[in-house]
Amino acid sequence: MRLVQYTDAAGNRAVGLVAEDGNHLHPLAGVSTVFELANRAIATGTPLADLARAAATEERVDYDALLKAGQVLPPLDHPEPSRMLVTGTGLTHIGSAAARNKMHQLTHGDDADESDSMKIFKMGIAGGKPAPGQLGVQPEWFFKGVGTCVVRPGDALPLPAFALAGAEEAEIVGLYLVGPDGAPFRIGYALGNEYSDHVTEAKNYLYLAHSKLRSCSFGPELLVGELPEEVRGTSRIRRDGAVVWEEEFLSGEKHMSHSIANLEHYHFRYPMHRRPGDLHAYFFGAAVMSFASGVATQAGDEFEVSAPVFGKALRNRMEQVADEGLVTVRAL
């Protein structure tokens, strides 16, 4: 089952169940947001998928027309954007270490010492998939922002004037709601473009935190239920309509060095991440990236992330924004 959030012709918010043809939506009666639906599922103890099926109408809305008109929203958001924490982890995929190590070599040379990235990747290979009930090794983790950094599908990803670069990271995103008792619930998964500044990151790994403080996008569809063991997708860049880079990515636990349960434990073990009513968008890491292939992106490039299991592709164009100059703080 896949769900989409959108605004109708009158500007009202709505949630639609993706029809079998993938090109139409069945609006959910009495539901205006996935946040509302997820809270109802927790309150009633009813699986979210059952609630969605029961609320789905026979009406058919043209999904492609909504995308073209820019009316499709991220598949999950919070009425108070500051209460949606956007975070992520890296070096979680079998191919991710090679991509990260290429970044390290491009900056520091082939003879550089083994990077910290490679060391933590090896730790994940050795202990990232513990047996049920067992504690695995801790993954890498980073803070990306709050709900205000999430760009809707189809909208532009801003390239700050201070950024040294901007490029895609095709990932799967876990989407969560913390219940009234502080217990986290997984709502589902979405395709994501984590969008980072790899040039800044490659200068020094301690700049990783700065390189991640950028916008991002996920969607357009929310996959409800379990993630397939294997997810095959494609990440590509278009420039002036022509594809300038394209690569297949492999995800799902079959291609990951950490189990999703292990990643979730290390994220939600912190009490501050279990505040009732908060949402979490957690990027699970990228297996391929254009920067590792030596591609230099430009303002105007369109990033596209697609995988059949997630329905429609996620597309966003990179847009240069004006220099805000020196930020100064005034004393009160």
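Scanning region 278-311 for residues that are within 15 Å of the chain's Cα centre (by Cα) and closer than 15 Å to residue 155 by Cβ yields 303, 304, 305.
Taken over region 9-21, the criterion of being surrounded by 14 or more Cβ atoms within 10 Å (Cβ to Cβ) and in a loop (DSSP other than H, G, I, E, B) is satisfied by 19 alone.
Quick one: is residue 176 of a type in the set (Phe, Trp, Tyr) and either under 18 Å from the mean Cα position of the chain (by Cα) or at positive phi (or both)? Judged against the criteria, residue 176 is a match. Can you tell me which residue is nearest to residue 192 (Cα to Cα) among those in region 38-79 that are hydroxyl-bearing (Ser, Thr, Tyr) and in contact (Cβ under 8 Å) with a residue 12 or more places away in the chain? Top of the filtered list is 63. Can you find a residue that is among the β-branched types (Val, Ile, Thr) and modelled with pLDDT of 90 or more anywhere in region 69-86? Scanning region 69-86 turns up at least one residue that is among the β-branched types (Val, Ile, Thr) and modelled with pLDDT of 90 or more. Residue 270 satisfies every condition listed in (1) surrounded by 21 or more Cβ atoms within 10 Å (Cβ to Cβ); (2) modelled with pLDDT of 95 or more except (1). Filtered by the rule that a residue be closer than 18 Å to residue 248 by Cβ and not hydrophobic (A, V, I, L, M, F, W, C), region 313-332 gives a lone residue, 315.
Yes/no matrix, rows are residues, columns are (1) exposed (fewer than 15 other Cβ atoms within 10 Å of the Cβ); (2) touching a strand residue (DSSP E or B) at 6+ places or on another chain (Cβ under 8 Å); (3) modelled with pLDDT of 95 or more; (4) not in a helix (DSSP H, G or I):
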{"site": "248", "(1), (2), (3), (4)": "yes, yes, yes, yes"}
{"site": "275", "(1), (2), (3), (4)": "yes, yes, yes, yes"}
{"site": "281", "(1), (2), (3), (4)": "no, yes, yes, yes"}
{"site": "300", "(1), (2), (3), (4)": "yes, yes, yes, yes"}
{"site": "327", "(1), (2), (3), (4)": "yes, no, yes, yes"}
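Would you check if residue 38 is at pLDDT 95 or above, crowded, with 17+ Cβ neighbours inside 10 Å and not assigned by TED's automatic domain parsing to the domain that holds residue 280? In short, yes.
Condition check ((1) at pLDDT 95 or above; (2) under 17 Å from the mean Cα position of the chain (by Cα); (3) surrounded by fewer than 16 Cβ atoms within 10 Å (Cβ to Cβ)) across all residues:
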residue: 45; (1), (2), (3): yes, no, yes
residue: 61; (1), (2), (3): yes, no, no
residue: 65; (1), (2), (3): yes, no, yes
residue: 98; (1), (2), (3): no, no, yes
residue: 101; (1), (2), (3): no, no, no
residue: 105; (1), (2), (3): no, no, yes
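The values are calculated or read from the model by the stated rules, or taken from the named source; none is laboratory data. Not measured: the values here are computed from a predicted model. Using ideal geometry, Cβ is built from the backbone for each residue, glycine included, and neighbour counts are taken over all protein chains shown.
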